[in-house]
Each structure stands twice: as structure tokens, then as C-alpha cells.
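Quick note: the coordinates plus some simple rules give every number you see, no bench work behind them. Because the structure is a prediction, the values reported are computed rather than measured. Because the Cβ atoms are built from the backbone with ideal geometry, glycine has one as well, and the counts that use them run over all protein chains shown.
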Amino acid sequence: MLIDTYGRVATDLRVSLTDRCNLRCTYCMPEEGLAWLAKPDLLTDDEIVRMVRIAVCRLGVTDVRFTGGEPLLRPGLVGIVQACAALEPRPRLSLTTNGIGLRRTAAALREAGLDRVNVSLDTLRPEVFHTLTRRDRHRDVLAGLEAAGAAGLTPVKVNTVLMRGVNDDEAPDLLAWALDHGYELRFIEQMPLDAQHGWERSGMITADEILAGLRTRFELTPEGGTVRGSAPAERWLVDGGPGRVGVIGAVTRPFCHACDRTRLTADGQVRNCLFAREESDLRAVLRSGAGDAELAERWKAAMWGKKAGSGLDDPAFRQPERPMSAIGG
Ligand code: SAM
Ligand code: SF4
């Protein structure tokens, strides 16, 4: 098992397939993009599948989420999904994507064994989408969402980040739209993981503000009482259910005590926390010819040292070197 000194067990693996992206969300990347990883530094498709196999077959991982950067930009994605779906025990497989290109690939991904998708969409207004992502692709995202639903990649979840003065007036409209389409909406507090290091606590729309905005139009009741478990999203029934909405208050309502995540970057570094400042270079171990047992031991050691919390509330908090897009959000 991937256990740490606080007794938490990681069963949920986030795999970043690329650090590249076709959008430039302002809370994530600068307009000019970033210095992308060089091809030889990226794990190959086979290396990724091997690492996932070790996680699933030796280390107790039950859920695998592919992310990035934009994972749909990875040419071998369908093959990677297919190989991971053939593992025993079979992990649950999901994908976090901006939805561009999903219209073309949703059916093939479903066929390959993908169970679900999370599609990121912050606004219903094309012009605001352009301001937020610096690209004119709103229609492509909507088409991707529709294709995901049609292909059975359900429940389709939608991730939304609200930005003050940009889209923070849209929370109730987004929820009405999501309920109407059968999507499960989750708002995520903006985190200090942008490449530009421009995040400011005062600028962030907090979970409390998000909930207050939603309550101007909907009645929200906590789902399952107040017990939250390891899920980062607090979930609320909307107008008595069955529709629901999630709020991920990573900054103001941290869930580190129950965290069950482990992360693998596109260049083969294991991270035990989104906010960790250290990584464990499993690519070097892998390429030195190590066997599965040794890789598993190194992965366990990487997780054992996981800190109690993100440190966001510590005045000495410093952002990790890598931005969200390179870590894998
Ligand atoms: N490109 C894909 C996408 O956008 O879904 C996958 C990678 S992206 C880094 C994963 C998620 O992280 C997205 O839902 C995005 O909105 C979110 N995200 C990116 N930067 C963030 C930040 N600074 N704070 C909170 N969420 C962020
Ligand atoms: Fe790309 Fe996702 Fe970052 Fe937006 S949030 S720039 S879609 S990686």
C-alpha cells in the first residue's frame, strides 16, 4: 500500500500525460505558453502503462485519472487507456480534459475502457471563455461535452473555476445549465498553482462566496449529512435532489487529512502532494533497468514522506516550482 506517516493510504492516481495545452487559461498559464518538456524526457506510452500497472497491481491503486496539460493532445491516449483497462484488478479510469477534441475521441475512449470524464468549463458566454482561455473554442468544448454524454462517459462532471470580475456572476446560471444537461458541476477554488505566480488570496472566490451565490437561486442541503470522507468536493443536493453540486474548497476548506492521492508527472516524477516542493524521480530508476519490485518500493518511499497538509495557511508557504499544467491537475 501507499501509506504515509499519518496513516493515509493513497488509492487514487493522477497521471499527467503531457504538460502541453491548446488553451491558455489565465489562472493556469501565461499567454505565450511555457517551456514544454522535451520529448525524450516524457515517459513513453509503454512506460506509463508499466507505472500504472505497478500502482494498480502492487500498490493498491483503484482509481486512475489521466490529466495534463491537455491529455487529449497525447497521441497514444486511446492505447494507454486500453492497456490500463486490461489490468487486473481493473482500475476505474477517468480523464480530466478541457473538452477540445472530445467530440472526435469520446466514442473511441469509451470503447477503450474509459469510464468517465471531467470537462473543465468556466463560463456559458463565448466572449468570457475567450477572455479566460485566450482562445475562441467555446463551441468545441460544448460539442465535446455532448459527445461525452452520448458515448456513455458518465456521470459527466464539469469543473469550474470562478474569477472575480470575470465569471463570478455565473454560478447560478452554470448550475441551472448543468442540471438541465445532466452534468455534475463542481466549483474549484482558485489555487496558487499558476505558472505566473499571480495568485492572491484576496482575489480568490471562496467556497463560502460560491455557496452564497448559488443560494440566491437554489436551496442546497449537504449530501449525506456532514460526513465528507476522502472526497475533496463537498457535495450538496440542489432543491432536494436528485441534482447535486460540488464545491472543492482546496484553500479555505482543506481536505488534506483525508487525502488519498498520488501523482505521476509526464516526465516520470512521483509527487505525494499537489503542493509538494519535492519530487521522486522514478523515470531515472525505471530507465536504469530497475524491476517492478524496486519501482514499487521507491514509490512507497516517495509517499511515506507526505506532509500533513498543503501548507497553504502557513505564512511561509511557497508555491511549488512546477505549475498545475506540468504537475497534472
Ligand atoms: N487541461 C485539462 C483541463 O483543463 O481540464 C486538464 C488539466 S487542468 C490543469 C485540470 C484542472 O485544473 C482544470 O479543471 C482547471 O480548471 C484546474 N486548474 C488549473 N489551474 C488552476 C488553479 N490555479 N486553481 C484551481 N484550479 C486550477
Ligand atoms: Fe490548459 Fe487545463 Fe491549464 Fe486551461 S487549465 S491552460 S485547459 S491545462
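For segment 66-109, what class follows from the C-alpha gyration tensor (a ≥ b ≥ c being the square roots of its eigenvalues): rounded when a/c is under 1.5, otherwise prolate if a/b is larger than b/c, else oblate?
Values: a/c = 2.08, a/b = 1.77, b/c = 1.17.
Prolate is the answer for segment 66-109, as a/c is 1.5 or above and a/b outweighs b/c.
Just want to confirm a number: the relative contact order over segment 13-66, from Cα pairs under 8 angstrom separated by 6+ residues, in percent. Display every interim value, and only then the final one.
Numbers: 23 pairs, mean separation 33.3, N = 54.
Dividing the mean separation by the residue count of segment 13-66 yields 62 percent.
Running a GNM on the chain with Cα contacts under 10 Å, which residue among ARG125, ARG74, ARG244 ends up with the highest mean-square fluctuation?
Between ARG125, ARG74, ARG244, it is ARG125 that shows the largest mean-square fluctuation.
Given R₀ = 22 Å, what would the calculated FRET efficiency be for THR62 paired with ALA108, taking r from the Cβ atoms and rounding to 0.05?
Efficiency, rounded to the nearest 0.05: 0.35.
Checking the a/c ratio against 1.5 first, then a/b against b/c, what shape does the Cα gyration tensor give for segment 43-116?
Working: a/c = 1.90, a/b = 1.61, b/c = 1.18.
Prolate.
Run the paramagnetic zone check for ALA308: 7 angstrom along Cα to Cβ, then residues of segment 236-272 with backbone nitrogen under 12 Å.
Flagged as within label range: 257.
For every helix of n ≥ 4 consecutive DSSP H residues, a contribution of -39,500 (n - 2.57) applies; sum these over the chain, divide by its total residues, and give [θ] at 222 nm rounded to the nearest 500 deg cm²/dmol. Walk me through the numbers before you get to the answer.
On the way: 10 runs with 100 residues, N = 329.
Mean residue ellipticity at 222 nm (helix-derived): -9000 deg cm²/dmol.
What shape does segment 157-221 have by the C-alpha gyration tensor, where a ≥ b ≥ c are the square roots of the eigenvalues, rounded means a/c under 1.5, and otherwise prolate means a/b greater than b/c and oblate the rest? Intermediate values should be presented prior to the final figure.
Working: a/c = 2.42, a/b = 1.71, b/c = 1.42.
It comes out prolate by the Cα gyration axes.
May I ask for the distance between the Cα centers of segment 1-61 and segment 187-259, given as a whole number of Å?
For segment 1-61 versus segment 187-259, the Cα centre distance is 24 Å.
If you put +1 on each Lys and Arg Cβ and -1 on each Asp and Glu Cβ, how big is the dipole of segment 2-327 around its Cα centre, in Debye rounded to 20? Display every interim value, and only then the final one.
Numbers: 43 positive and 45 negative charges, 123 e Å.
With Lys and Arg at +1 and Asp and Glu at -1, about 600 debye.
Select from ASP281, ASP313, ASP122 the residue whose mean-square fluctuation is largest in a Gaussian network model of the chain (Cα-Cα springs shorter than 10 Å).
Highest fluctuation among the options: ASP313.
To one decimal place, what orientation-averaged projected area in nm² is obtained for the convex hull of the Cα set of segment 2-327?
Values: hull surface 62.8 nm².
Computing the convex hull of the Cα atoms and averaging its projections yields 15.7 nm².
Give me THR265, THR5, THR123 ranked fewest to most by other Cβ atoms within 10 Å of their Cβ, as a rough exposure proxy.
On the way: THR265 25, THR5 11, THR123 22.
So the residues, fewest neighbours to most, are THR5, THR123, THR265.
Give the list, by residue number, of cysteines in the chain with no other Cys Cβ closer than 4.7 Å, or say none.
CYS21, CYS57, CYS84, CYS256, CYS259, CYS273
Considering only DSSP states other than H, G, I, E and B, which GluC sites (Glu not before Pro) in segment 220-320 qualify as loop sites with at most 15 other Cβ atoms within 10 Å?
Details: sites: GLU223, GLU234, GLU278, GLU279, GLU294, GLU297; in loops: GLU223, GLU278, GLU279.
Sites meeting the loop and neighbour criteria: GLU278.
Counting Lys +1, Arg +1, Asp -1, Glu -1, what net charge surrounds ALA176 among other residues with beta carbon under 15 Å of its beta carbon? Before the final figure, lay out each step's value.
On the way: positive: ARG125, ARG215, ARG217, ARG244; negative: ASP169, GLU170, ASP173, ASP180, GLU184, GLU219, ASP239.
My count for the surroundings of ALA176 gives -3.
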